[in-house]
1. Only one of these conditions is not met by Pro135: (1) in a helix (DSSP H, G or I); (2) under 25 Å from Phe466 (Cβ atoms). Which number is it?
2. Going through Phe139, Phe189, Phe149, Phe131 one at a time, which residue ends up being over 12 Å from the mean Cα position of the chain (by Cα), of a type in the set (Phe, Trp, Tyr) and either surrounded by 22 or more Cβ atoms within 10 Å (Cβ to Cβ) or closer than 18 Å to Leu63 by Cβ (or both)?
3. In the stretch 46-62, what residues are aromatic (Phe, Trp, Tyr) and either closer than 22 Å to Asn99 by Cβ or not in a strand (DSSP E or B) (or both)?
4. Which members of the stretch 18-38 meet the condition of being under 25 Å from Asn59 (Cβ atoms), open to solvent by 70 Å² or more (accessible area, probe 1.4 Å) and not acidic (Asp, Glu)?
5. Residues that are touching a helix residue (DSSP H, G or I) at 6+ places or on another chain (Cβ under 7 Å): find the helices (runs of 4 or more DSSP H) completely inside the stretch 282-374 holding 3 or more of those.
6. I'm trying to understand the selection: among the residues of the stretch 76-106, which are in a helix (DSSP H, G or I), farther than 24 Å from Trp41 by Cα and open to solvent by 60 Å² or more (accessible area, probe 1.4 Å)?
7. If Leu55 passes every condition in (1) crowded, with 19+ Cβ neighbours inside 10 Å; (2) over 29 Å from Gln264 (Cα atoms); (3) modelled with pLDDT under 95; (4) among the aliphatic types (A, V, I, L, M) but one, which one does it miss?
8. Working only within the stretch 268-313, note down all residues that are among the basic types (Lys, Arg) and under 19 Å from Arg246 (Cα atoms).
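The values are calculated or read from the model by the stated rules, or taken from the named source; none is laboratory data. Every value quoted in this text rests on a predicted model; they were computed, and no experiment measured them. All Cβ positions, glycine included, derive from the backbone under ideal geometry; neighbour counts span all protein chains shown. Ligands, DNA and RNA are excluded from the accessible area calculation, which covers all protein heavy atoms including side chains. Shrake-Rupley method; radii C 1.70, N 1.55, O 1.52, S 1.80 Å.
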Amino acid sequence: QAVFNLLIPDHAADAFSPPRLWEPSPWDVLVEWLLGGLSHWDAEHFLFIAEHGYLYEHNCAFLPLYPLSLRAVASGALWPLQRLLRLRSRLLLSAVLLNSLFSALAAAALYELGRVVLRRRRVAFLAALLFSLSPANVFMAAAYSESMFAFLAFGAMWQLEKGQSWLSGLLFSLASGARANGLINAGFFLYSQAKRFALQLQVGSVSLRKLPLLWKQILSLASSAALMSAGIFLPFAVFQYYAYVRFCGPGSGLDQTIPEPLLQLARDKGYRLAAMDGAKPPWCSQRIPVVYSYIQDTYWNVGFLRYFELRQIPNFLLALPVTLLVSWAAWTYISTNPRHCLTIGLERIKSEEEGKPRDGFCCPGAFVYVVHATALLAFGFSCMHVQVLTRFLGSSSPILYWFSAHLLQEHEPLLWSTGADNAPSGRSVLGKSPSSCGKGTPDNPVVRLLLNWRLITPLSKGILGFFLCYWLLGLLLHCNFLPWT
């Protein structure tokens, strides 16, 4: 990133670029030289919010958990550096440190989730390795909330699979305080409760004598699901209330405390400031005032099919690989488990009639994750700036990594051997366990495939090529203010 940022001049993009209020020290210049490419595009918003708060209306499109975390690390763990570095430099350094940690934790959570759901340890390990080489890599490293959200979401899914409902609810709730698409995660709780109730009904017969107990179970499950869902929605709702008070309340003389360069930026760009001249924004008069949807609509023209224009064809092409992969994943799962999908996974699998439940990507437990990924894909493709689908899905759904690992596992002979317990179609994976060390065959299956690039199948080249190209192009383009995903 530092090399690309040094060699390639920044593009003059029409992006949020607030002025620096203080002269940088030599150490600030060094930090900017090393890490400046990770502070572009939306990263400027997160760093600005962490430094100045929600000063401009359009800052409210970025939820508070991540900038609050940046400020906490910059003012806490990095406080001894305040004599050397200005606050913004410490915030940028905090972002890099936090995202490195969250990315590693997200990979570990994805691995554990894959072990529980797929019941194939090596496939789960391969998926976690692919996550570490994610096509959305630059957003996991830059001052964006993607890595934090991925850790919280994957960790919550893992805890829910383990039956730790309250811990899962807490992590899902925190995730909705980092990104708005965390709200859809309430569906995991609702489905979990519905599935539990449906299985209970199928295990025992319902009689008039048992009706009071049945209603008690229904009320218990419904109240639990409602409470957990409310907890997931709470951070987002509280932030909308905060924005309403800040931008729709009476003026408070805030303009006297805002530095003149930031006021001038608001005049030049037409940014609306918090509680300034008494003129309320239009969204304040809505029955349910939600600043997030207003900003998406007004500032970025986000809406149903609004992006379907001829001039956006390059952006649709950028989103094509991830769109094809997730669509292929959904079709593979549906065609393999038609009955399970028609009954939305609520029908009890009778082991004596159907044998041992399938494991791997097409196992029954993956159903809700396939539905989740398909819903995100449909919404993102039709209602968002379509090029963001790569990072949108790459930080929210395990399906992108599970299905890619499944394809490599099933169709790449270099990953086959004999004697492993999780072999696809009677084959098994070549190499050592993830915890083994030693010389000889690389322990990392992705490295093994890359070292044998000429020998691997075209499908493997396509998958790894997509991950590697987007990994590299993301650093090259994003870090120089060039359009990317």
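1. So Pro135 meets the others, but not (1).
2. On the way: Phe139 fails: over 12 Å from the mean Cα position of the chain (by Cα); Phe149 fails: over 12 Å from the mean Cα position of the chain (by Cα); Phe131 fails: over 12 Å from the mean Cα position of the chain (by Cα).
Exactly one of Phe139, Phe189, Phe149, Phe131 is over 12 Å from the mean Cα position of the chain (by Cα), of a type in the set (Phe, Trp, Tyr) and either surrounded by 22 or more Cβ atoms within 10 Å (Cβ to Cβ) or closer than 18 Å to Leu63 by Cβ (or both), namely Phe189.
3. Looking only at the stretch 46-62, we keep the residues that are aromatic (Phe, Trp, Tyr), and these are 46, 48, 54, 56, 62.
Result: Phe46, Phe48, Tyr54, Phe62.
4. Arg20, Trp22, Pro24
5. Numbers: elements: 291-298, 313-336, 338-342, 351-354.
Once the helices (runs of 4 or more DSSP H) in the stretch 282-374 are filtered for at least 3 residues that are touching a helix residue (DSSP H, G or I) at 6+ places or on another chain (Cβ under 7 Å), what remains is 291-298, 313-336.
6. Just the residues of the stretch 76-106 that are in a helix (DSSP H, G or I), to begin with: 79-81, 87-106.
Okay, now just the ones that are also farther than 24 Å from Trp41 by Cα, so 79-81, 105.
Trp79, Pro80, Leu105, listed by residue number.
7. (2)
8. At the first step, the residues of the stretch 268-313 found to be among the basic types (Lys, Arg) are 269, 272, 280, 287, 306, 311.
Matches in the stretch 268-313: Arg272, Lys280, Arg287.
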